[in-house]
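Please read the structure below before turning to the comments.
The numbers here are math on the coordinates, done by the rules we state, and not lab data. Just so it is clear, the structure is predicted and the values come from calculations on it, not from any experiment. All Cβ positions, even for glycine, are placed from backbone atoms using ideal geometry, and neighbour counts span all protein chains on display.
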Amino acid sequence: MAAKSFKYVIVGGGVSAGYAAREFAKQGVKPGELAIISKEAVAPYERPALSKAYLFPESPARLPGFHVCVGSGGERLLPEWYKEKGIELILSTEIVKADLAAKTLISAAGETFNYQILIIATGSSVIRLTDFGVQGADAKNIYYLREIDDADKLIEAIKAKKNGKVVIVGGGYIGLELSAVMKINNLDVSMVYPEPWCMPRLFTAGIAAFYEGFYKNKGIEIIKGTVAVGFTADSNGEVKEVKLKDGRVLKADIVVVGVGGRPLTTLFKGQVEEEKGGIKTDAFFKTSIPNVYAVGDVATFPLKLYKELRRVEHVDHSRKSAEQAVKAIKASEEGKTTEEYDYLPFFYSRSFDLSWQFYGDNVGDTVIFGDNNPESPKPKFGSYWIKDGKVFGAFLEGGTPEENKAIAKVARVQPPVQNLDVLSKEGLSFACKI
Ligand code: FDA
Ligand code: NAD
């Protein structure tokens with residue numbers, strides 16, 4: 001097979017790849033110069049839809065409805081768009097070998113791709129219970145969610161097990177979003193996680209108490225402080241029970257596991273500098289190897305605001321890092337420079353009719369404000385994180401677009417705070433006056 005050569009290759013066809021393609025088109029790219037190589041069979045799409053509207057029983061989101069860049073209010077990039085721009089979408093193609101010294105990539109089918117400039121945008125893969133030898137974890141109807149194929153399998157299972165019993169393993173993003181959408185599908189849902197409260201990566205006990213209360217009111221059973229240690233299956237090999245470490249046994253027709261992600265860096269191990277589990281980059285997403293960039297979930301980059309290297313597994317950063325890398329590539333070709341990446345971390349989630357946003361860093365002391373009663377008809381509450389006498393992070397459930405903008409500004413400006421009780425009483429009005 002003859003090798004295919006491109007000036008620019010993006011390996012991975014997810015969120016970052018789509019936003020990078022748009023930026024290349026904006027900056028100017030000639031037909032045939034850019035290729036996106038993706039394991040998935042479809043053009044880049046907004047991954048967050050998979051754990052939300054894609055799984056709704058009524059009017060579910062479907063492609064081409066959520067191709068990038070609709071997620072940030074931009075124009076949808078349909079497969080035709082890539083064709084028009086002369087950007088080659090090489091789909092259903094997994095790269096299994098990368099040689100950064102030779103500047104080549106080799107696919108599972110044995111094709112060779114040469115590049116001058118590479119952007120690594122391989123994202124994350126899920127951590128599986130089989131990875132740590134949980135007994136019976138290879139039974140049928142135990143699902144993970146990362147790509148559209150995974151979501152399609154889950155939809156088939158929801159249809160096949162109408163009104164059945166679902167056990168959700170994990171209390172993070174996937175756990176909270178999937179238990180909600182499973183309940184909306186009229187399934188009987190239990191969640192199991194080891195920590196004392198859900199989403200401990202971000203939530204304080206006070207924030208978590210609201211969501212746990214809200215979920216309980218929706219009829220979701222929450223089992224904390226234990227983990228799944230085994231599964232039993234029926235004679236068809238389909239999961240039947242989940243065995244917990246505390247000795248309890250839960251019935252299950254479907255199990256969904258969300259116990260974290262792992263950045264997909266294996267292809268490049270030993271060839272490029274790594275840090276904090278990701279590929280180390282500078283403020284332009286340049287790696288330790290000339291002409292190789294890394295963006296999105298895989299990049300460990302300098303977070304200027306906090307003067308430290310971080311990896312961020314969220315969609316806003318995947319979009320912005322991709323745009324930054326392309327701007328830097330184009331600028332360096334013209335002998336110019338671009339500004340350093342100066343990112344304000346932004347995470348969000350939606351489930352049922354709830355919607356929260358978080359900006360900044362969740363470090364230091366916290367205060368909670370507003371109406372966080374899960375029984376309220378329209379709950380609205382938030383939290384601030386305070387370190388060294390300044391606000392570092394802000395969280396808001398149920399905010400309007402203007403209020404969300406206000407908490408983003410607080411996290412960016414880091415205003416001083418004298419008294420935490422006063423801050424708690426002022427609540428959202430503190431952010432709105434900054
Ligand atoms: P992304 O995972 O989007 O893309 C990687 C691509 O590379 C995939 O297409 C993959 O197949 C491909 N690939 C990997 N290895 C390859 C190889 N060897 N050869 C070829 N192709 C390869 N964030 C947020 O802020 N709010 C939210 O609501 C959500 N919701 C959400 C839901 C679900 C279900 C998931 C899984 C994730 C989220 N996220 C999120 C996280 C967010 O989607 C994530 O941070 C970005 O998609 C990361 O973008 P990347 O481009 O880095 O990876
Ligand atoms: P996560 O890191 O958010 O949560 C993992 C959770 O797994 C932990 O909180 C813990 O409760 C649980 N856990 C760990 N070991 C366990 C065990 N042995 N048994 C039971 N529970 C265990 O990861 P995730 O929810 O799997 O999400 C995967 C990826 O997708 C992440 O990168 C995440 O950022 C991304 N994602 C983001 C969003 C969003 O931003 N709204 C939504 C969905 C997915």
Subset of the range 100-134 (residues that are free of Cβ contacts under 8 Å to residues at least 60 places away in the same chain and either closer than 22 Å to A322 by Cβ or of a type in the set (D, E) (or both)): D131
For P60, the lone unmet condition from (1) closer than 24 Å to L354 by Cα; (2) within 15 Å of ligand 2 (Cβ to nearest atom) is (2)
Just checking, how many residues over the range 191-239 are closer than 16 Å to L129 by Cβ and hydroxyl-bearing (S, T, Y)? 3
Residues that are surrounded by fewer than 19 Cβ atoms within 10 Å (Cβ to Cβ) and of a type outside the set (D, E), drawn from the range 25-37: A25, K26, Q27, G28, K30, P31, G32
Here is a check on your reading of the model: is E40 in contact with a strand residue (DSSP E or B) (Cβ under 8 Å, 6 or more places away or on another chain), surrounded by 15 or more Cβ atoms within 10 Å (Cβ to Cβ) and among the acidic types (D, E)? no
Can you work out which of the residues in the range 307-362 that are part of a loop (DSSP other than H, G, I, E, B), of a type in the set (V, I, T) and away from ligand 1 (no atom under 13 Å from the Cβ) is nearest to T204 (Cα to Cα)? T338
Residue, nearest to the chain's Cα centre (by Cα), within the range 1-60, restricted to residues that are near ligand 1 (Cβ under 10 Å from one of its atoms) and β-branched (V, I, T): V15
Does the range 143-180 hold any residues that are away from ligand 2 (no atom under 16 Å from the Cβ) and either farther than 20 Å from A49 by Cβ or touching a helix residue (DSSP H, G or I) at 6+ places or on another chain (Cβ under 7 Å) (or both), and which are they? I155, A160, K161, K162, N163, G164, K165
What is the one condition in (1) under 24 Å from the mean Cα position of the chain (by Cα); (2) surrounded by fewer than 17 Cβ atoms within 10 Å (Cβ to Cβ); (3) closer than 15 Å to V169 by Cα that E221 does not satisfy? (1)
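Identify the residue in the range 255-278 that is away from ligand 2 (no atom under 16 Å from the Cβ) and under 24 Å from the mean Cα position of the chain (by Cα) and, among all such residues, is surrounded by the most Cβ atoms within 10 Å (Cβ to Cβ).
The extreme case among them is F268.
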Hits in the range 416-434 (condition: buried (at least 16 other Cβ atoms within 10 Å of the Cβ) and not acidic (D, E)): V417, L423, S424, G427, L428, F430, A431
Under 23 Å from Y215 (Cβ atoms) and of a type in the set (F, W, Y): does that describe F346? no
Name the residue that is nearest to ligand 2 (Cβ to nearest atom), counting only residues in the range 127-142 that are under 27 Å from V42 (Cα atoms) and buried (at least 19 other Cβ atoms within 10 Å of the Cβ). I142
How many residues are touching a residue at least 12 places away in the same chain (Cβ under 8 Å) and either surrounded by fewer than 18 Cβ atoms within 10 Å (Cβ to Cβ) or within 16 Å of ligand 2 (Cβ to nearest atom) (or both) when one looks only at the range 304-329? 16
Which residues, counting only those in the range 86-104, are over 19 Å from S318 (Cβ atoms), buried (at least 17 other Cβ atoms within 10 Å of the Cβ) and out of contact with any Leu (no Cβ under 8 Å at 6 or more places or on another chain)? I90, T93, T104
Return a yes/no flag: does the range 266-284 have any residue that is more than 16 Å from ligand 1 (Cβ to nearest atom), on the phi < 0 side of the Ramachandran plot and of a type in the set (K, R). no
Could you say which residue among A208, A180 is in contact with a Pro (Cβ under 8 Å, 6 or more places away or on another chain), aliphatic (A, V, I, L, M), within 27 Å of G393 (Cβ to Cβ) and surrounded by 15 or more Cβ atoms within 10 Å (Cβ to Cβ)? A208
If N236 satisfies every condition in (1) loosely packed, with under 12 Cβ neighbours inside 10 Å; (2) free of Cβ contacts under 8 Å to residues at least 40 places away in the same chain but one, which is the exception? (2)
